[in-house]
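Nothing in this text is a laboratory measurement; each read-out follows from the coordinates by a stated rule. This one's a predicted model, so the numbers in the text were calculated from it and none came from an experiment. Reconstructed Cβ throughout: ideal geometry from the backbone, glycine too, with neighbour counts over all protein chains shown.
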Amino acid sequence: MADIRIKGRMVNAIRIILDTNDHDAIRQQLAPMLQKAFPPGTLVVIESSVEQELIALIQLLISLEVQPMAVTEGLLADQARAIQFPVLPSDTKPLQRIKPTKEQVVEVEPEATGDEAEESEKVEAKPARVVSHVTSYHDEILRTGQCLVQNHGDIILNAGINSGSEIIASGNIHIYGSARGRVIAGADGNSAARIFCHSLEAELVSIAGTYCVADDIPQHVLKKAVHIYLNDQQELVFEVLEF
């Protein structure tokens, strides 16, 4: 057996774009955004329109419980190369993020354990933490250059997606049309997420970071209604849906 193996794996990261080098201002503005929307350890790509002290910026981001992984080509690239920090190509044409036709938000109050219930009797009642699950519904075709994202739940698309478009959800994705772009479910690492589409012609499909590009999608599922999920070995399974 070979001592080295290579396995396809998509890295899910956010991009932080900075127009200031005032680290106090960065901390003040960025901390609540990260706490609200992203879990600790989220990977970060840094892009800056102004000169920065890169090492200090990396340390700042680590203190905010995210993990810097690279900078984009630009003002910080020379500093990054000097410390052997990765440099990624800048986007030639970023995707346009669009709003869904509508959203449904379900708020769930977590159940208290026995210990928590007893403790709550001893102290004044505090507002319960509320977990929101959001389902985005979109009625129009996702056109080339467009991106539809739901970081807190599922996406249901009542049309298809064109090549050169992207749909990303932390939960499940349902596409009632042709899937020709990039389809990314379980974007926050949720390995239980699933993808359903009416006709699979995707450039890329991914669940919880495990991905498959167009050339590797099994031929027998192409242009078929397909259910995609991860098995116990964290491998993508393509299952034709029979109606």
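Taken along the Cα-to-beta-carbon direction at a fixed 7 Å, the label points for Val87 and Asp139 span 4.8 nm.
Please compute the length gained on full extension between Asn190 and Gln67, using 0.36 nm multiplied by the number of residues separating them and subtracting their Cα-Cα distance.
Details: separation 123, 0.36 × 123 = 44.28 nm, distance 1.89 nm.
Stretched fully, the Asn190-Gln67 segment lengthens by 42.4 nm.
Rounded to whole numbers, the Karplus 3J(HN,Hα) couplings from phi for segment 65-81 are 6, 10, 10, x, 10, 5, 10, 8, 4, x, 4, 9, 5, 5, 4, 4, 5 Hz, using 6.51 cos²θ - 1.76 cosθ + 1.60 with θ = phi - 60°, and x at Gly and Pro.
Taking all pairs of distinct Cα atoms, average 1/r, flip it, and tell me the Kirkwood hydrodynamic radius of segment 165-239 in Å to one decimal place.
Values: mean 1/r = 0.0853 Å⁻¹.
11.7 Å is the Kirkwood radius here.
Under a 5 Å amide H cut-off, with hydrogens placed 1.01 Å from N, Gln146 pairs with Gln96, Glu166 among residues at least 5 apart or on other chains. Considering only the other residues whose Cβ falls under 12 Å of the Cβ of Ile184, what net charge follows from Lys and Arg at +1 and Asp and Glu at -1? Local net charge: -2.
Once you have the Cα-Cα distance between Ile98 and Asp215, take 0.36 nm times their residue separation minus that, and quote the gain in nm to one decimal.
Values: separation 117, 0.36 × 117 = 42.12 nm, distance 2.81 nm.
Length gained, Ile98 through Asp215: 39.3 nm.
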